[in-house]
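Asker: Quick one: structure below, then a few questions.
We did not get these values from a lab; they are worked out from the coordinates using the rules stated. Computed from a prediction, not measured in an experiment: that's the story for all the values here. Cβ sites come from the backbone with ideal geometry, for glycine too, and all protein chains shown count toward neighbours.
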Amino acid sequence: MIPTTFSYHRANSVSEALQLLRECGEDAKLLAGGHSLIPAMKLRLNQPEHLIDISRMSDIRYIKVEGGMLKIGAGATHSDIAKSSDVRQHLPMLAETAALIGDPAVRNKGTMGGVMAHADPAADYPAPLLVAGAEIVIQAAGGERVVPLTSFLTGLFETDLGEQEILTEVRMPVFPSNTKSTYQKFMQPASRYAIVGCAAMASVDGGTFSNVRMAFSSVGDKAFRASDVENALNGQPCSEDAINNAVQHAVNGVDVLSDHFASVEYRSHVAKVYAKRALMALL
Amino acid sequence: MANYIGQPVKRVEDKRFITGKGKYTDDIVLPNMTFAYILRSPYAHATINGIDISEAMAMDGVVAIYTGNDIPEAVAGVPCGWQVNFKNGDTMKEPPHPLLVRRKVRHVGDGVAMIIATSREIARDAADLVEVDYDEHDAVANPADAVKPGAPLVHEDAPNNLAFDWEIGDKEKTDAAMSGAAHITRLDFVNQRVVPNAMEPRAAIGDYDDSKDHYTLYTSSQNPHLTRLLMCAFVLGLPEHKVRVVSPDVGGGFGSKIFHYTEEALVVWASRQLNVPVKWTSDRSEAFLTDAHGRDHVTTAELGLDADGNFVGLRINTVANMGAYLSTFAPAVPTYLHGTLLQGLYTTPAIHIDLKAAFTHTNAVDAYRGAGRPEATFLLERLVEVAAMETGRDPAQLRLQNFIPAFDGVNEPGYQTQVALQYDSGDYHAALHKAMEMVGYDEFRKEQAAAREQGKLMGIGFSTYIEACGIAPSAVVGALGARAGLFESSQVRVQPTGKVSVYTGSHSHGQGHETTFAQVVADQFGISLDDVEIVHGDSDSVAFGMGTYGSRSLAVGGSAIVASCQKVIDKGAKIAAHLLEVSEEDLEFANGKWSVKGTDKSVGFGDVALTAYVPHNYPENLEPGLDFSSFYDPKNFTYPFGAHICIVEVDPETGKVEVKRFVAVDDVGNVINPMIVDGQIHGGVAQGIGQALFEEVLYDDNASLLNGSYMDYTMPRADDLPMFEVGRTVTPCPHNPLGVKGAGEAGCIAATPAVVNAVVDALRPFNVKDIRMPMTPERVWRAMHSNGNGH
Amino acid sequence: MGVTIQVKVNGKPYTSEVEPRQLLTHYLRDTLRLTGTHVGCDTSSCGACMVHVDGEAIKSCTMLAVQADGCDIKTIEGMSPDGNGTLHPLQEGFKEEHGLQCGFCTPGMIMAAEALLKENPNPSEAEIRHAIEGNFCRCTGYHNIVKSIQYAAEKMKKEVQHG
C-alpha cells in the first residue's frame, strides 16, 4: 500500500500553513493526525500533489477554559481530550467520546480538527459537539470566522471549510455544574466507528428534566439534534416512562443511513435504545 | 534429564519473535532484488479486449511487465491436488488456473499483469499506467444460485457451474429410515464464507542463479516441499533438484498457506526471465481477494429420531462453493473431510449426503482451520440442538443418549461409521460429562431461569465433535482422489558430540514444533532439551515433507521422528554392546545410556555418538555415523473429539451477544506440551467464535467483494472474547507411537455451533429456532421479532 | 524528491533521505532493516506496525517517515532494558505465558502493552483487553496475551518495590 508521490511541507504555525495553502494551490491537503487521510492515500483514493503537515503546529494543540468557553485547539488529539481535566470537569461526555474513538494508538495521533474537517458521518465528535452548541473557529489569510457547528457540517464528508482555510479551534460554552452529559456508542464491530452515537445533556434537578439536549452521530448523513426528543422530555419527570415515550421521536424526520451492519430499521431502533441509555445515564 | 513429555516447556522459538528477530519472507532482502506488483481484475467476470502497457513500460525503474500472453503455453496453471469424480464416474471439471489471465477474468482479484520494478513504489505507480480494456459480464457469487439453470457460467466447459457432484452413505436406507422416523428436524442454513486472515500477508521471492542454473523460492507456505513438487512438476516444468524452496518464519496459516499459489510460480518464472530476484508481498486488501477462503456451504439438513429420541437417519443436501478455480485441496474439503464426518459422535444407523460443488465468480475456497469438519460439526450440532428443542428433550441428555459407547481401539475394535471412516478410540460421554461439570450445568439452568425472570437473556450451547486428523494414510487418500501421499519424513542426525539435529517435513507457523518435537526427541534419547534442535521449512535441509495442516504434524511428523530415533537407538545398541563387550540382547536403553541388565555397567548416549563418528574401537561390518531418516505413513486418521459449552448473554434491546463463558474439553490423545495444546485450543475457539458472531465475506450482485478490509470485515478483538476454560480427557491414539491425535483444529471445529446453540437457547422465550451466522446484533434482534424465523 | 530526516531509533541517531510518501513502517523495515515492526493491514487496524514515537504508541503504517523527523522512536528491537539482550518483563511475560504463536503480531502487541503499563501499572483484565483492542492476533485468542501482560505488570510492580 503505497501513496502516490507528493511534495511535503511542514507548517509550524497557522500562519505558515495558510501561506503554504496559498502557495500550493488546490491540489494540497492538510495532514493532521492522518488516520483518515493516510489510509485513503495508501488506497490511492486520495492523491494530493502537496501535503501540508499541520500535525506539529503547537499553536493549535491546546485545551483551555477561557471567557466562559471550553476551547479545544484543532491539533488536540483524542488522547489529549480524553485525559484533559478541563474536559472531564466541564464536559465529561466529550472526554467519554474521545476515549471511545479507534484504539489507543489512533487516539494518540487523531485530532479534533482532523475529525471535524473530514466530516465522516460515522465520526463520534459531532454529536456531543452539537449538544454542547459548539462553534468552529476557522482561519484564513483574511482573518478568522466563527461558525456554529450546525452550519459547518453541510453533508456527507462535506463542510463549510474553504480551500484556503484552516479549522483551528472548536469551542463551546462551559455549562453550569449541575448539567449532566454522556455519550453512548453502539459500535460498528469491524472499524469501531459508531453505528449509533448518542450524546445527551440535561439538568435533572428536582426530579424534572430541563435543558435537554440530544444529538446523534452516524445515524444520518450528518450529525443532528434530536429536537423532538428534547421537546418531549423538557418539563417531564425523570422517569423511565417519560424517557421511553420521548425516545420514540429519536429519528423523526431523519433520512437514516443503512449499511451491511445496520439497516435503516435496525439503526433507527438502536438510536432509540441508545437515546434511552443516554438519558438513563443522566439520572 | 528427560521426562519432558507432558510438561509445559516454554517455547524455544519465542526469543526471536519477542525480540523482533523473527525472519518472515518479506523481511528477506537479496542483492539486486526487484519488486513485483500484480495488477488484478476489478471485475468478477469480464473479457479482456486488450492491455496497453506502453506508458507503464516507459517509466524509469520499470524492469518488465508481463501479461497472460507473455507466459509461454508450456507453463501450465496451478494444479489441483485432489481429484473427485462425478457420481456417474466422470472426472471432475478442472479448468486451468492460469498464472496470469489471457482472455477472461473469473473473479475480482484474478491476476492480469505483473509489473516488476526496481522498487515497490515504482511497481505500484506503473500499475496505474497499465490500461486494460474489459467487457464486463454477469457474475454469480452464491453457490446455490450458481447451480441453477441460466446462471452465468464461470467456465464454458462446466455446465451448470458444476465442478462435480458427489455422495456418500446409503441413500435408500436413509430415505427409508427418514420415512419411518417419529420426528424429523429440518434446517436450511448457510455456513458462510470466511477469510482465514493469517496476520502475515503472503509473500514470495523468486531467485534464479544463472551460474548454477538454480532456483530458490522463499515463500510464506505451510508446506515448502509440496509447493516445490507442484510448481516444478506441474507448472513450470523445472527439475526439482535445481529448485530450493524455503518457508522461513511464517506468520500463521490456518490453511490459507497450504496451497500452491500463482504468485509463487510467477516470481520464480520472472526471476528466470530477468536473472534478478523478484519479490512479491501481498497487501491485506490483496489477501482478502486472493488468499483461499473457507466454508461457504448452502445446506439442507434433516435428522430423523424415533419416539424415544434415538437418531435413526441423517439426510444432507449441500452445495459447496469452490470459487472460480479449484485450489490445491478444494475438492477434498466438502467431500472426504466433511461427508465422511457426518457420523459425528452418534450411532445414527443411516446417513446420506448429496453434494454439489459449484464454480462461482469468486476467489477460491479451500481448507480453512478444520476444513470440512467444522461444516460437518456445525450441521450435526445444530440439528441435535433443534431436535432437542422440538422434542422437548435436554440437549445434553439427547447427545449422551445417542453417543457411540466408549472404545479404546486396542481391546475393543475401532468404530466403523456409515460414512467410510473407522474411528480409532474414544470416550465421548466422558468428555461431555467433564464439560458439564466444569460449566456447572444444573446450576446454570437455575441461574438462567432466574435471569429470565428479570428479563435477562442468558443461554447455554453445547457442541460435541469428532474430527479426522493426522492426515492421512496415503493408500486410503489415494483411493479417494488425493494426487499425493500424505506421509511425513524425518531425519535425526546425532552429531559426534551427542547433540541432535532433527529435520522434519512438518512446518511450524505458530504451532511450536521447535519445542514439542524437541521434547519428544529429548525423551527418546534421555538427553537435555538444549541438546536438540529442530530444523524445518527448507527443502535443502529437509529431505522431503508434506507440510503442516489437518492437525497432522505431531501424529504424522512426530511419528516419523520417533521412527528415526528408534533407528538411532537400535544402531547405538550395536555400538554400546561392542564397547561394553556384551551382546545387544543384554542391553537396555534408558535415561540416555545403554546399561547391561542387572549391572551398573553402562555407556552413555554421547559416548556412543562419538564412537560412531570416531570408529576406532568399533563393531565390524557396521557403518560409521549415527544419522537416520524415516518416512512414516499413518495407519489411520486420528480422531480427536470433545465437548464445548458456551454461555452467552444477549442484549434484549439491541441483540448484541456477549460470550460470558466458554468451556472447552478436548481429547487430543496424549499430550506432549499442555501449554502449547491449550494455546491451540484458545486460538481455534476464538476463530470459531469469530465465525459465529463476526465474520462473513459479502459480495454484491456482480460478485464484487463488499468488505475486503478490516474496516468492514470483523476480526475478533481482545475485548470481544472472554478468558477460556480449558479441560481435557485423554484417550490415546492406538495406532501411532506417541498416542497423539492432533490439536490444531479442534477449537475451530467445535466452537462455532456452541455459540449459535447458546444464542438460540438464550432466545428460547422468543421461540427462535435458528439464526444465520454471523449472529450480528441486527440478525439476533430480528430473530427476536420474527416469531422464530431467524432468517 | 528526497527529504532529509534525522531520527533517533532505539537510542541510535540516523540521518536519512526519504521519499515524502515513505511510511514510517517502511522506513524502519526497508531503510534501517529493523524488520521486527510488521505490516499486517492497510487500514491502521491491526497494530502489527506499532512503535513508540516520542514515548507514545502509534501505528507506523499511518505516519510518514518525514513526520518523524527529529523524533525519538522505539521499536521492538529496542525493548531490552539494558540494550544488551536482557528481556523486558513484557518479553519475558509473553514467553512465560505462551502469549505468542506465529509471532507476527507480537512486537506490536508488546509495544501496545508497554504503553498501557506506563499509564496504568495495575490494569484489570478488562483494561488490558481494551488497551490492546487495536492489535489483532489470529493465533492465541488473546487469552495468553492477557496473561502475559498481567505477568509483566506483576513483575514490574515487584521491580519498582525493590527499586
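Asker: D for the stretch B:120-193, whole µm²/s, Stokes-Einstein with Kirkwood Rh over alpha-carbon pairs at 37 °C and 0.692 mPa s: what number? Spell out each step's value before the answer.
Answerer: Working: Rh = 17.7 Å.
In µm²/s, the coefficient is 186.
Asker: Multiply the residue gap between B:Tyr618 and B:Thr497 by 0.36 nm, knock off their C-alpha separation, and tell me the result in nm, one decimal place.
Answerer: Roughly 41.9 nm would be gained on extension.
Asker: Right, something else. Could you give P(r) for the stretch B:630-719, binned at 10 Å from zero, as whole percent values over all Cα-Cα pairs?
Answerer: Pairs per bin, as whole percents: 12, 31, 28, 20, 8, 1, 0.
Asker: Could you compute the net charge surrounding B:Pro405? Neighbours are other residues with a C-beta less than 14 Å from the C-beta of B:Pro405; K and R count +1, D and E count -1. Don't jump to the answer; show the numbers that get you there.
Answerer: Numbers: positive: B:Arg399; negative: B:Asp408, B:Glu412, B:Asp427.
Surrounding charge for B:Pro405 is -2.
Asker: Using only alpha carbons, build the gyration tensor for the stretch B:376-420 and give me the equivalent ellipsoid semi-axes, biggest first, whole Å.
Answerer: On the way: eigenvalues 131, 36, 10 Å².
Largest first, the stretch B:376-420 gives 26, 13, 7 Å.
Asker: Using the basic label-point model (7 angstrom from Cα toward the beta carbon), what is the B:Ala233 to C:Ser80 distance in nanometres?
Answerer: 4.6 nm
Asker: Can you check what the net charge comes to around C:Leu34, using other residues whose Cβ is under 15 Å from the Cβ of C:Leu34 (Lys, Arg +1; Asp, Glu -1)? Before the final figure, lay out each step's value.
Answerer: Values: positive: B:Arg16, B:Lys21, B:Lys23, C:Lys8, C:Lys12, C:Arg29, C:Arg33, C:Lys74; negative: B:Asp26, B:Asp27, C:Asp30, C:Asp72, C:Glu77.
Summing Lys and Arg as +1 and Asp and Glu as -1 gives +3.
Asker: Whole angstrom only: what separates the Cα centroid of the stretch B:277-292 from the Cα centroid of the stretch B:537-607?
Answerer: With the stretch B:277-292 and the stretch B:537-607 each reduced to a Cα centre, they are spaced 43 Å.
Asker: Mean-square fluctuation check for chain A, GNM, Cα pairs under 10 Å: which of A:Leu153, A:Leu18, A:Leu129 is largest?
Answerer: A:Leu18
Asker: If you don't mind, another one. For B:His214 and B:Val75, what is the calculated FRET efficiency with R₀ set at 22 Å and r taken between the beta-carbons, to the nearest 0.05? Kindly include the intermediate steps, with their values, before the conclusion.
Answerer: Working: r = 19 Å, r/R0 = 0.86.
Once the sixth-power term is evaluated, E becomes 0.70.
Asker: Cross-chain or 8 or more residues apart, Cα under 23 Å: how many lysine pairs in chain A fit that? Count them up, please.
Answerer: 22
Asker: For a footprinting-style exposure proxy, rank B:Thr516, B:Thr262 by other Cβ within 10 Å, fewest first. The partial results should precede the final answer.
Answerer: Numbers: B:Thr516 29, B:Thr262 22.
Listing B:Thr516, B:Thr262 from fewest to most nearby Cβ atoms yields B:Thr262, B:Thr516.
Asker: Students often get this wrong, so check it: of B:Lys212/B:Lys279; B:Lys456/C:Lys147; C:Lys8/C:Lys157, which have C-alpha atoms separated by over 24 Å? Present the calculation step by step, with values, prior to reporting the outcome.
Answerer: Working: B:Lys212/B:Lys279 20 Å; B:Lys456/C:Lys147 30 Å; C:Lys8/C:Lys157 29 Å.
As for pairs spanning more than 24 Å Cα to Cα, those are B:Lys456/C:Lys147; C:Lys8/C:Lys157.
Asker: Tell me whether the stretch B:1-135 comes out rounded, prolate or oblate; compute the Cα gyration tensor, take square roots of the eigenvalues as a ≥ b ≥ c, and use a/c under 1.5 as the rounded threshold. The partial results should precede the final answer.
Answerer: On the way: a/c = 3.11, a/b = 1.32, b/c = 2.36.
The shape class here is oblate.
Asker: Specify whether the C-alpha gyration tensor of the stretch B:360-453 places it in the rounded, prolate or oblate class, a ≥ b ≥ c being the square roots of the eigenvalues: rounded for a/c under 1.5, otherwise prolate if a/b is larger than b/c and oblate if not.
Answerer: Values: a/c = 2.18, a/b = 1.21, b/c = 1.80.
Here the stretch B:360-453 falls in the oblate category.
Asker: Still on this model: Put a dot 7 Å past each Cα toward the Cβ at B:Val410 and A:Glu265; how far apart are the dots in nm?
Answerer: Modelled inter-label distance: 6.0 nm.
Asker: Taking B:Lys635 as the anchor, which lysines have their alpha carbon closer than 21 Å to its alpha carbon, excluding any fewer than eight residues away along the same chain?
Answerer: Filter leaves B:Lys567, B:Lys741.
Asker: Given all pairs of different Cα atoms, what value in angstroms does the Kirkwood hydrodynamic radius of the stretch A:39-186 take?
Answerer: Working: mean 1/r = 0.0636 Å⁻¹.
Hydrodynamic radius (Kirkwood, Cα pairs) of the stretch A:39-186 is 15.7 Å.
Asker: Okay, which of the stretch A:107-121 sit inside 16 Å, backbone N to the point 7 Å along the Cα-Cβ direction of A:Tyr62?
Answerer: The answer is A:113.
Asker: Among the aspartates and glutamates, which have Cα under 15 Å from the Cα of B:Lys93 when same-chain residues fewer than 8 positions away are ignored?
Answerer: Straight-line reach from B:Lys93, under 15 Å: B:Glu156, B:Asp157, B:Asp165.
Asker: Can you give me the C-alpha center-to-center distance between the stretch C:8-53 and the stretch B:157-174, rounded to a whole angstrom?
Answerer: Taking the Cα centre of each part, the stretch C:8-53 and the stretch B:157-174 sit 52 Å apart.
Asker: Give me D for the stretch A:211-283 in µm² s⁻¹, whole number, from Stokes-Einstein with Rh from the Kirkwood sum over alpha-carbon pairs, 37 °C and 0.692 mPa s.
Answerer: Working: Rh = 12.3 Å.
Answer, rounded: 267 µm²/s.
Asker: By average Cβ neighbour count within 10 Å, what is the ranking of C:79-92, A:168-181 from highest down? Please list the in-between numbers first.
Answerer: Numbers: C:79-92: 16.5, A:168-181: 18.1.
Those peptides, ordered most packed to least, come out A:168-181, C:79-92.
Asker: For the stretch B:196-261 and the stretch B:413-462, what is the separation of their Cα centres, given in Å?
Answerer: First find each Cα centre; the distance between them is then 43 Å.
Asker: May I pose another question? Quickly work out the A:Val146-to-B:Lys173 label distance, labels modelled 7 Å from Cα along the C-beta direction, and quote it in nm with one decimal.
Answerer: In this crude spin-label approximation the distance works out to 8.5 nm.
Asker: Still on this structure, I have one more. Where Rh is the Kirkwood radius over the Cα pairs of the stretch A:30-96, the temperature 4 °C and the viscosity 1.567 mPa s, what D in µm²/s does Stokes-Einstein return?
Answerer: Working: Rh = 13.5 Å.
Roughly 96 µm²/s, to the nearest whole number.
Asker: While we're on this one: Find the relative contact order for the stretch B:395-467 and round it to a whole percent, using C-alpha pairs within less than 8 Å whose residues are 6+ positions apart. If you can, show how the numbers build up before the last one.
Answerer: On the way: 48 pairs, mean separation 17.8, N = 73.
About 24 percent, as a whole number.
Asker: Could you work out how much longer the chain between B:Thr300 and B:Ser119 gets when fully extended? Use 0.36 nm per residue separation minus the Cα distance between them, nm to one decimal. Write down the numbers at each step before the final one.
Answerer: Values: separation 181, 0.36 × 181 = 65.16 nm, distance 5.13 nm.
Full-extension gain reported as 60.0 nm.
Asker: Next question, about the same structure. In percent, how large is the relative contact order of the stretch C:17-86, given Cα pairs closer than 8 Å and 6 or more residues apart?
Answerer: On the way: 98 pairs, mean separation 23.5, N = 70.
Relative CO of the stretch C:17-86 lands at 34 percent.
Asker: Where a ≥ b ≥ c are the square roots of the eigenvalues of the C-alpha gyration tensor, would you call chain B rounded, which needs a/c under 1.5, or, failing that, prolate if a/b is larger than b/c, or oblate?
Answerer: Numbers: a/c = 1.80, a/b = 1.08, b/c = 1.67.
Oblate, because a/c is 1.5 or more while a/b does not exceed b/c.
Asker: Let me ask something else. At a threshold of 8 angstrom on Cα-Cα distance, excluding pairs fewer than six apart, so keeping six or more, what relative contact order does the stretch B:7-126 reach in percent?
Answerer: Working: 163 pairs, mean separation 49.2, N = 120.
The value is 41 percent.
Asker: When the chain is fully extended, how far beyond the present Cα-Cα distance does A:Gln248 get from A:Met280, taking 0.36 nm per residue of separation?
Answerer: Working: separation 32, 0.36 × 32 = 11.52 nm, distance 1.46 nm.
Taking 0.36 nm per residue and subtracting the Cα distance, the gain is 10.1 nm.
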